[in-house]
Amino acid sequence: MASSSDRLLKMLLEIITKKECNEVYLIAEIGQNHQGCLETAKSMILEAKKAGCNCVKFQKSDLKAKFTRSALNRTYESKHSWGKTYGEHKEFLEFSKEQYQQLQAYSNEIKIGFTASAMDEPSLDFLVDLKVPFIKIGSGDANNFPLLTKAASLNIPLVISTGMQTMQTVDKIVEIMEQAGNNQYALMHCVSAYPTPPNDCNLQMIATLMQRYPTVTIGYSGHELGIRITEAAILTGARIVERHFTLDKNQKGSDHRCSLDPSEMCSLVRCINEFKHNAYISSSSLSADQVVTILGGGKQLEQALQEGNGKYKVILESELPCRHKLGKSIVAARNLEVRQQIQATDLAIKVSEPSGIPAEKYFDIIGMRLKDSVYEDEPITENMLIP
Ligand SMILES: CC(=O)N[C@H](C=O)[C@@H](O)[C@H](O)[C@H](O)COP(=O)(O)O
Ligand SMILES: C=C(OP(=O)(O)O)C(=O)O
């Protein structure tokens, strides 16, 4: 008899490979809303299970691989900060390998899927060792082409978010997957603004992505307030849905406010079941008018569904704070000499302070020469390159 984790994986794979189009896979993104506390994380897993979610997700980072030294050492003055520096803050929120194993064992015990986003290469290796059912690549790494190339080569399903990116970058993600012969991945429409104003939700992008990449399953990772816009995302065609989850929206932490609490998550599950019952969930996308008719309209919903915005994938102004804080840059993987010709092994992709050339230019700068020497872990900037 298949175990429940086998069944959940089968459901996800059938959605990803488009064998199953009448289901929605719902991920409760615990992220860092556990406040650095294992027991809170376990309570959150239990609440997500009780609400009817299919999976819980954490965020795994190897801080020295994800951030440069200066990014870790910058002061983090925010009411949401858990340390004096950004590095101390992130360290406080990071679980160890043993804690991950405990959380995974607990999730297995109560029969809910368990995974995390891999925010750098060591974390990708870590999650592969942990044998998670799929790996999430968050928006911060959607332009991290070396990480995507490695992830694409592993025999494990991927769920890739596309916040803070242009269509050109999404095309490149699809090219990387195709070159690796990987057809077990989904793309998540996402806007990395916390919370996302309804006007910027651009739900028509879901239909645009479905048309542009017809063989790829499209999902939605939302950061707006409440559940209504996520309901509309599902009717528009999202078949994997991720929302941040919290036990209390008023807690300290950057993500609580735009998270769903247990009662909202229960309501979202109820809506999904109702949509299934009414046969609204199929392989096609419902039009904005159909969605408004089903959900009953309202200004915010209409703003989220408006045509036009969804045609072009651009980096929105509301995403700039997140791109500035967590967007990845190209940095030196070792000390580099003046006039040296840049090889792939000379480069690393990290969150850098100050930032450097954005990660999506990685393939463009290989083969170019440097005007200046660059120290290991320092960002590479346009003015360092000999044109
Ligand atoms: C882009 C990305 O990684 N976003 C994640 C997923 O949505 C977020 O959970 C961030 O980790 C969080 O908002 C960061 O908050 P702070 O900077 O306070 O640790
Ligand atoms: C950053 C993440 O998600 P998203 O980009 O979908 O918000 C994540 O899952 O770690």
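The values are calculated or read from the model by the stated rules, or taken from the named source; none is laboratory data. Remember, it's a predicted structure, so these values are computed and weren't measured experimentally. Using ideal geometry, Cβ is built from the backbone for each residue, glycine included, and neighbour counts are taken over all protein chains shown. Keep in mind that these areas ignore ligands, DNA and RNA; they rest on the heavy atoms of the full protein, side chains included. Shrake-Rupley method; radii C 1.70, N 1.55, O 1.52, S 1.80 Å.
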Quick check: anything in the range 144-155 within 12 Å of ligand 2 (Cβ to nearest atom) and not polar (S, T, N, Q)?
no
Tally of residues being within 16 Å of the chain's Cα centre (by Cα), surrounded by fewer than 21 Cβ atoms within 10 Å (Cβ to Cβ) and more than 13 Å from ligand 1 (Cβ to nearest atom) across the range 233-264:
0
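Residue-by-condition table, conditions (1) surrounded by fewer than 22 Cβ atoms within 10 Å (Cβ to Cβ); (2) among the aromatic types (Phe, Trp, Tyr); (3) within 21 Å of the chain's Cα centre (by Cα):
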{"position": "7", "(1), (2), (3)": "yes, no, no"}
{"position": "11", "(1), (2), (3)": "yes, no, yes"}
{"position": "14", "(1), (2), (3)": "yes, no, yes"}
{"position": "20", "(1), (2), (3)": "yes, no, no"}
{"position": "23", "(1), (2), (3)": "yes, no, yes"}
{"position": "27", "(1), (2), (3)": "no, no, yes"}
{"position": "36", "(1), (2), (3)": "yes, no, yes"}
{"position": "40", "(1), (2), (3)": "yes, no, no"}
{"position": "43", "(1), (2), (3)": "yes, no, no"}
Quick one: which residue in 76, 86 is aromatic (Phe, Trp, Tyr), at pLDDT 95 or above and within 18 Å of residue 378 (Cα to Cα)?
86
Quick check on residue 124: is it buried (at least 17 other Cβ atoms within 10 Å of the Cβ), within 16 Å of ligand 2 (Cβ to nearest atom) and not charged (D, E, K, R)?
yes
What's the number of the condition residue 308 fails, among (1) open to solvent by 60 Å² or more (accessible area, probe 1.4 Å); (2) closer than 30 Å to residue 171 by Cβ?
(1)
Failed item in (1) over 29 Å from residue 23 (Cβ atoms); (2) open to solvent by 20 Å² or more (accessible area, probe 1.4 Å); (3) of a type in the set (Val, Ile, Thr), with residue 68 passing the rest
(2)
Any helices (runs of 4 or more DSSP H) falling wholly within the range 281-379 and containing at least 2 residues that are outside the structural domain of residue 254 (by TED's automatic domain parsing) and out of contact with any Phe, Trp or Tyr (no Cβ under 6 Å at 6 or more places or on another chain):
320-326, 362-365
Condition first: open to solvent by less than 20 Å² (accessible area, probe 1.4 Å) and without any contact (Cβ under 8 Å) to a residue 40 or more places away in the chain. Can you find one or more residues in the range 188-208 that meet it?
no
Which of (1) within 13 Å of ligand 1 (Cβ to nearest atom); (2) surrounded by fewer than 18 Cβ atoms within 10 Å (Cβ to Cβ) does residue 138 not meet, given it meets every other one?
(2)
Can you tell me which residues in the range 45-65 are within 21 Å of residue 326 (Cβ to Cβ) and open to solvent by 50 Å² or more (accessible area, probe 1.4 Å)?
62, 64
Helices (runs of 4 or more DSSP H) contained entirely in the range 1-119, each with at least 2 residues that are over 25 Å from residue 137 (Cβ atoms), more than 15 Å from ligand 1 (Cβ to nearest atom) and free of Cβ contacts under 8 Å to residues at least 60 places away in the same chain
none
